[in-house]
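Values quoted throughout were computed directly from the atomic coordinates according to the rules given, and no laboratory measurement underlies them. Just so we're clear, the structure is a prediction, and the values are computed from it rather than from any experiment. Cβ placement follows ideal geometry from the backbone for every residue including glycine, while neighbour counts extend to all protein chains displayed.
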Amino acid sequence: MYPSEDLKNWGTQIKNLWDNTSKTNHHEHYGDYGWCECEAQAAILKAPTLKQKKLLASGLFWSVWIDQVIYTVTKKQNENLFLNENLYEQFREKYPFPKVYSHSSAGHTIPYVILGNDCDYTPDLPMLIEFKNEYWGEIENYFLDLGEWNLVYYAKLEFKNDLTERGFPEKYHILWDE
């Protein structure tokens, strides 16, 4: 049941894209499945059409952000809140989303950097909301089916916290107006 065929296919496509770009770039300092910010943006720019660029940017944005939030919640919250102590690892087995690393600071990028700064490929808000409903909707249902209600609750709080604490531009705050 999880992952859905849509997310499984997207995961395969993005992994193939990463494999193809890793043949020409050196990724060893980013682990076995990660890009730096400029490599992620270069991959988006290589998509043949503007629509494909926007779709890729939306998919990368949500998969990277969801992975970061699930990691933060499972690794930094009180572990007694969750039924499964290896919840993040279990999630990564089902959803091996890519990681995007920052040039300006140690660690992972702020996800909105993937969207560009009003570039021609920057997805509009309705597209981002559609992807949120697809990507987060599935991940939320996955955790609810596991009985991990606390994770879903704290993940939503973390998404909202990220919007302000990590400096997301104001226009993206609508993504978590619930």
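Here are the numbers for this structure:
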item	result
The chain: DSSP helices with Cα axial extent of at least 20 Å and average Kyte-Doolittle hydropathy no lower than -1.0	50-76, 125-145, 149-165
Most positive-pole-ward Cα, PRO123, TYR135, ALA155, against dipole of the chain from beta carbon charges	PRO123
Spin-label pair ALA42/THR164, simplified geometry with 7 Å Cα→Cβ offset, distance in nm	3.8 nm
The stretch 5-176, relative contact order in percent, only Cα pairs under 8 angstrom and at least six apart counted	27 percent
Theoretical FRET efficiency, 1/(1+(r/R0)^6), r = Cβ-Cβ of SER4 and ILE129, R0 25 Å, to 0.05	0.85
Three principal axis lengths of the stretch 34-178 [C-alpha, angstrom, descending]	44, 31, 28
Neighbour-count ranking [beta-carbon atoms within 10 angstrom, fewest first] of GLU89, GLU158	GLU89, GLU158
Given charges at beta-carbon only (K, R positive; D, E negative), |dipole| of the stretch 5-176 in Debye	360 debye
Extension gain, HIS173 back to LYS51 (0.36 nm per residue minus Cα-Cα distance, nm)	41.6 nm
Nonlocal Lys pairs with alpha-carbon distance under 28 Å, the stretch 32-144 (8 or more apart, or different chains)	21
